[in-house]
Each structure stands twice: as C-alpha cells, then as structure tokens.
Amino acid sequence: MVSDEPMGWPGVIHREGRTVMRVAEKPMEGRRGPAAKGAGAFLNPAMAGSRTRSVLLLQYAIESGILGDGAIYALDGLAATGVRARRWINELPRESAERLDIVMGDLDEDSLSWAVRNHLDFPPPHGKGKLQATKGDLRAMVLNHGRHWVDIDPYGSPVPFLDTAVQSLARGGVIEVSATDTAALTGSSKDPLLRRYGARVRTDGLAHDSALRVLLATLARTAARHDRAIVPLMSIWDSHHLRVSARTIKRKGAASEVESNLGWRVHSPSVDEVASSIQSGLQPETPLEKLPMDCMLPLSYPVMRDDGRVSGPLWIGSMGDEGAMASMTEERALSMCTTAYEEGDVAGWSEADFERESRRVSRSVRNIHEESGVVDSPHHIVVDDLSSWLEIPGPPSPRSLAECLKERGFRAGLTHYGKPSIRTDAPWIEILEATMSLQPPM
C-alpha cells in the first residue's frame, strides 16, 4: 500500500509538457543525473525529451493499431515519481487515454506516494484512463499478466530487467528501454561493456550510434530466447542516456531470424571487407578505389576480437520504423505536449516560461520526422569525421550535403543525433563527389 502522506510534501509546483506536478525541489536546468540520496521526490529534467517522445510514440502505436482495439495494459516499471505514466494519461487524447490501464511500479514507497498525490491533485483534464501505483520489484511485477506496453527506465544498465520484461509482453507489444550506463555502451568502459552486453565499441564519432545498436542487439537476443522478434520503432541518443523502442512479435523461428540482423561495424575497412559488405547487401555498389570510413558486416564474417577497428556484435538492421518516426513532427509535439500561457498559472510560470517549454518540446523531436525516410540507410555520416577523413578544410553543411545527394537521386536526411550528421543510401563515391562539390573554390 502506498502512503498518501509523502515525505516533504507539498514541495514546489512544476510543469513538464502539459502535466502539472509537485516535486521536492525545483528542477535544475542542465542537471543530468539523479538527485543525491535522501533528496526526496526528484524530477530529472534531462529525461523530459524522452518522456515527450514516449507520449507521441504511444499515440502512434494506438492510431496505427499496433496495440489492438481493446484495453491497453501498460507498465511504467521503474516509475520513481510517476511523471512518465502521468504524462501518458494526461497528454494523450481522450479517446486514447480512456483505453489505458497503467501500473506505476517502484521499490521506493515515498516516491510512489508523490505520484499518487500528484495524480489526485492534478487529474487528467478529460478524466479518463486508469492509473494505479504498486510497490515492488519490476522483475516480479511484470509477470502478473500480458502487457501491451512496458517501459524500463533504470539508473544504469537495463540488462537485469530485460528478460522478465520481455516475458511479460502480450503476443504483440511495445517495449521502451533506457540506459544511462553510456560510458560502458560507447566503449569508454570496456570491461563493463563486455560483461553486460558481450560487445565492444570503437570510441569514435559513431560511438553512440554503435551503442544504440549494441542495446538493440541485446534486446533482440533476449526476445529471441522467448520466441519473439523485435521491430525497432525508434533509437535515440539524448543527453546522458540512450533509449530504444521496439515492437515485439511472438513467432517461431525468432531465434534463427535474429542472427540475420546482427553483425559488425568496421572502421577504415579493407577492400575485402567493403566487397563483402556490398555482397551481403549492407551497402550499395561503389568502386573500391576509394573506400568508405565505415562499413557493416554480417555476424558470420570472421573478425579478430582484438581488432580496434571493430564494434559489435551489434544490430545491423534498421534502427527505426518510418511511420513511427514520421509521426514525430514538431507541430504534433507542440499540439499534444504543450499548453498556452494563462495569467495566474498554477505553477507560477510566466509567458517566457511557457515559451521555453515549447522550445524544449520542439527540440526533443527535431529532425526525427526527416530522418524517418532514411533510417534504414546504410550510411550514417558525421560530417566532422568526413572532413577529417577526406582532409578537406572544413566539414560540409549537413543540410547542404543531404540536399545535394537528393538532387543526385538518392535518399538523404538530417539525423536526430548528438553530432551533426546525415543518413543516406547513396554509394560512397556519390557521397565523396557531393562533398567535394560543396567545397569553396581555391
């Protein structure tokens, strides 16, 4: 039973998206990690964009029929003060919210008390949907019945929770997984990476992309153990954390199928490696006189475990779904997840505060819609790395490079990535020629 007298209540009133809440202390801009122990009900503002995207993705899943047409059993399994679950139920349209049956779970009874009191004091404007709090370990809680939506947002690695979370999903469900052990996943801490994920990652401009692919590979292998295949919906590097979202589909043969989506990323590949990548369908035909910065190889390709050029095993398939990502427009985010300024706001926010929140919401989805049309492309190019590779005076504008490649008849678009970059299906020779065409005359 969750107490209705949270320690430190009433704290201060805050708003994230459309959702009003009380927290123990005013969220600090720029803060990335959790509060110090004993700080009470803490809201990490660095995760706000993740929560915004979760609202939009859940609405897409409902509209597209991924979650069926009945009640939607959802679990926010490491809920803390329940902000993510409350945003689902508060910010989804009435007809979607009324289908939700959400459990917020956490081991910290005081945090859950804050979640319950906030839900009672600031209920959904449409009054629809079910939300309850349960104290307990996620690994026991998830097995109660089939869930259509499971969210795992731990402090550190999600690996200890994946197995039971996958088992808990209905035959067709969605799982969202966050990881804050970025030093491990990006290869900076090699031993934890190998121990937790059985992989290695080269620490270069694509380290966070490789990290997301390692996380997807880990999720895919876990799902395969339970005869489930995954279909990635979205993969995001944001601030201090990584997050992947995927459909899971129960079907025989998933364990065999998963290997076709696993493989290696090789930096500065040899002629033989690029030729094998082309033969495997992992990149388009291109002359081998000028080799790309990186290429993907299938899992069956023999690599040396101590080769510092190699990252993996990792996911070599598409990292997202075009429809899901295309739905992440700034206009839609603003319409669903922001509200207009009103004098006498309950949180004491000024008009400037509302404008800042709108900008934060917009930033959380910037370029995702554009990236949707190229998310399955073989090349992810960080433009700063490209200029170094080609030894040219400066990097091309990502927008200009993408437009130039599209004029040449290829797909190309900006990415939602922490470094200026594009994705494209153009052959490497076309990327080189487009880049050089954008260089100023000597």
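Tabulated data
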quantity	calculated
The lone exception for Ala133 - which of (1) surrounded by fewer than 23 Cβ atoms within 10 Å (Cβ to Cβ); (2) over 23 Å from the mean Cα position of the chain (by Cα); (3) under 19 Å from Val23 (Cβ atoms); (4) not β-branched (Val, Ile, Thr) it fails	(1)
Where Met304 falls short, out of the listed (1) in contact (Cβ under 8 Å) with a residue 40 or more places away in the chain; (2) under 30 Å from Val258 (Cα atoms)	(1)
Residue check for Ser256: in the same structural domain as Gly146 (by TED's automatic domain parsing), surrounded by fewer than 13 Cβ atoms within 10 Å (Cβ to Cβ) and either hydroxyl-bearing (Ser, Thr, Tyr) or not in a loop (DSSP other than H, G, I, E, B) (or both)	yes
Matching residues, the stretch 374-410, being surrounded by fewer than 21 Cβ atoms within 10 Å (Cβ to Cβ), among the hydrophobic types (A, V, I, L, M, F, W, C) and more than 27 Å from the chain's Cα centre (by Cα)	Trp389, Leu390, Ile392
Some residue of the stretch 100-108 being part of a loop (DSSP other than H, G, I, E, B), at pLDDT below 95, surrounded by fewer than 22 Cβ atoms within 10 Å (Cβ to Cβ) and of a type in the set (A, V, I, L, M, F, W, C)	yes
Matching residues, the stretch 39-86, being under 17 Å from the mean Cα position of the chain (by Cα), part of a helix (DSSP H, G or I) and not hydrophobic (A, V, I, L, M, F, W, C)	Pro45, Gly49, Ser50, Arg51, Thr52, Arg53, Ser54, Gln59, Tyr60, Arg84
Some residue of the stretch 281-293 being in a strand (DSSP E or B) and either under 16 Å from Leu206 (Cα atoms) or of a type in the set (A, V, I, L, M, F, W, C) (or both)	no
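Conditions tested, residue by residue: (1) buried (at least 24 other Cβ atoms within 10 Å of the Cβ); (2) under 15 Å from Ala79 (Cα atoms); (3) modelled with pLDDT under 95.
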{"residue": "Gly146", "(1), (2), (3)": "no, no, yes"}
{"residue": "Trp149", "(1), (2), (3)": "yes, yes, no"}
{"residue": "Gly156", "(1), (2), (3)": "no, yes, yes"}
{"residue": "Thr164", "(1), (2), (3)": "no, no, yes"}
{"residue": "Ser168", "(1), (2), (3)": "no, no, yes"}
{"residue": "Arg171", "(1), (2), (3)": "no, no, yes"}
{"residue": "Ala183", "(1), (2), (3)": "no, no, no"}
{"residue": "Gly187", "(1), (2), (3)": "no, no, no"}
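The values are calculated or read from the model by the stated rules, or taken from the named source; none is laboratory data. All values derive from a computational prediction rather than experimental measurement. Don't worry about glycine lacking a Cβ; one is built from the backbone with ideal geometry, like all the others, and counts go over all protein chains shown.
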